[in-house]
Amino acid sequence: MRRQLLRSTFAAVLLSVLILGLPLALAAWWAATDDFRRLRGWLDGPSPLFLKPIPLLGIVVGLAVVAVLAGVLVASLEARRFAEPMTQLVERAERLGAGESQLQPLVTGIREVDRVSEVLARSAHQMTRSLASERDFASDASHQLRTPLTALLMRLEEISVTDDLGVVGEEASIAITQVERLTTVVDDLLSRTRRGHEVRPPAVSLDSVIASLQREWQPAFEQAHRSVRVHGQRGLFVRATPAALSQVLSTLLENSLAHGRGTVDVEARRSGPSVVVEVSDQGDGVPAAIAPHIFERSVSTAQSTGLGLALARDLAEANGGRLELIQRQPAIFALFLSEADPG
């Protein structure tokens, strides 16, 4: 901007000098021709000598006034040229302060203004991402906490209606496990927020996670006169946090309980360097119109939030795996995770 201001100032001064100096130079050239005979003829004219300079002074003064006006005009045009982008920049800053997030950078040819505009546009984009991340975090947190809270409530209800101390002790032990899982879920959510997904997931026993989930979901499936059958290879270890793995598989079990029928099969097996966990049931499956969008947020086959499968896929990808719908009817979901060394 400083260079452009110098150029505009130089242009105004140069224009003024040309307006004033060019006619004077032409007059001097005219007077100097023919060995100043024209000048001597003009001075020897009939008018008094003391009146001779007056027209010349008038011309000089007129030229000076014209030069000043031209300089003012050029300066005004340049000032308007610089003021308009600054006004637009101020307007965009006010819009950003008011919460607007869709800002396009200005292209004015003024490097400093363009750079500030790019920074404002980049800040608006970062603010949009931050707000979206906060909304997603709130939705994910509410969904991840709902499942263990529901299971905990079921255990407490069982305790409240029984007088058998053995049943009370068993249900209380499971309830304590649910509280510990809640704590793990909260810690996992906070760690994801603080450090992102850059830390390599630990090795976890797939058998222990599936067995815990089978105990957790058994009462709900028994109440619906259904069951969960676990089969496949045993002794597998995968790369995932226990909370994330439990949440993904819980989402698939909950989805099958709500939308499926019959026995739910959970099968674990090796597939190359990966471990695949397939969850299927005997229901009607996923409608053809919904299947391509089944993992998108707010997509659901019933009156639900539509966050479960979207969050489950995000958690799988955050742990280096993926979650796919490999068969539509009956529905078969497959969780692919990297196999880990038991040691």
Estimated inter-spin distance, Gln223 and Glu118, nm [label 7 Å along Cα→Cβ]:
5.9
Compute, for Asp187, the solvent-accessible surface of its heavy atoms (probe 1.4 Å) with the complete set of protein chains present, and express it in square angstrom to the nearest 10.
90
Glu296-Asp187 pseudo-label distance in nm [points 7 Å out on the Cα-to-Cβ vector]
3.8
With r as the distance between the Cβ atoms of Asp207 and Met127 and R0 = 35 Å, compute the FRET efficiency 1/(1 + (r/R0)^6) and round to 0.05.
0.20
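Using the beta-carbon distance between Ala25 and Ala83 and R0 = 51 Å, what value does 1/(1 + (r/R0)^6) give for FRET efficiency, to the nearest 0.05?
About 0.90, to the nearest 0.05.
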Added length on full extension, which subtracts the Cα-Cα distance from 0.36 nm per residue, Arg269 to Arg322
17.6 nm
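How much length is gained on full extension from Val66 to Asp164, taking 0.36 nm per residue of separation minus their Cα-Cα distance?
Working: separation 98, 0.36 × 98 = 35.28 nm, distance 10.83 nm.
My answer for the length gained is 24.5 nm.
Using the per-residue mean of other Cβ atoms lying within 10 Å as a proxy for protection, in what order, highest first, do the peptides 312-322, 116-126, 165-175 fall?
Sorting 312-322, 116-126, 165-175 by mean packing, highest first, produces 312-322, 116-126, 165-175.
The values are calculated or read from the model by the stated rules, or taken from the named source; none is laboratory data. Only a predicted model underlies this, so the values are computations on that prediction, with no experimental measurement involved. Quick reminder, even Gly has a Cβ in these numbers, built from the backbone with ideal geometry, and neighbours come from all protein chains shown. Each accessible area value is taken on the protein alone, full model and side chains, heavy atoms only, with ligands, DNA and RNA left out. Shrake-Rupley method; radii C 1.70, N 1.55, O 1.52, S 1.80 Å.
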